[in-house]
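All of the numbers you see were taken from the coordinates with simple rules; none came from a lab. Here the structure is a predicted model, which means the values were calculated and not measured. Don't worry about glycine lacking a Cβ; one is built from the backbone with ideal geometry, like all the others, and counts go over all protein chains shown.
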Amino acid sequence: MKKVLFICSCCLFLAACGGGNESDYDKYYDEDREQVAGEADDGPVAQTKVGADAGVNDMQDNAAVATETNPYAKGEKLIAMSDCLSCHRVDEKLVGPSYKEVAQKYEFNDKNVDYLAGKIIEGGAGVWGQVPMTPHPNISREDAREMAKYVLSLNQ
């Protein structure tokens with residue numbers, strides 16, 4: 001019975017986190033980035049378009065506002081736009097550990113930010129049990145670092 005449950009869990013995990021056409025992911029990722037930036041209710045961020053049409057000055061202004069209000073907001077938005085929430089939650093273990101469990105395990109420093117960014121991009125298994133984390137090679141190193149910073153900030 002345990003084997004059947006384990007196999008079913010693995011199949012559900014793979015179906016929820018993996019697969020998909022690379023170009024579909026890129027399209028989804030870019031569209032959601034524009035949508036999330038447009039949905040913000042806090043001043044200049046709501047008026048700034050993020051994406052291919054945004055100017056360098058607009059993007060710098062957007063980053064400055066996000067840094068002033070919440071320096072980890074970008075990472076939180078990137079997580080919301082990705083498939084991370086199909087396996088992770090902030091406060092509770094789902095398929096993988098909760099973000100707060102990860103934040104409690106790893107000290108917030110550059111070494112751990114880089115380590116977790118690598119895990120986001122490359123995937124992995126064994127640290128939190130036998131269920132593997134699906135790799136996300138389409139996420140840039142910079143975005144993965146922002147996501148890791150947000151997760152680690154939950155223990156501060």
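Of note:
- Note on segment 99-144: Rg/Rh from Cα positions, Kirkwood definition for Rh, rounded to two decimals, is 0.96.
- Packing, taken as the mean count of other beta carbons within 10 Å per residue, orders the peptides 76-84, 142-150 from highest to lowest as 142-150, 76-84.
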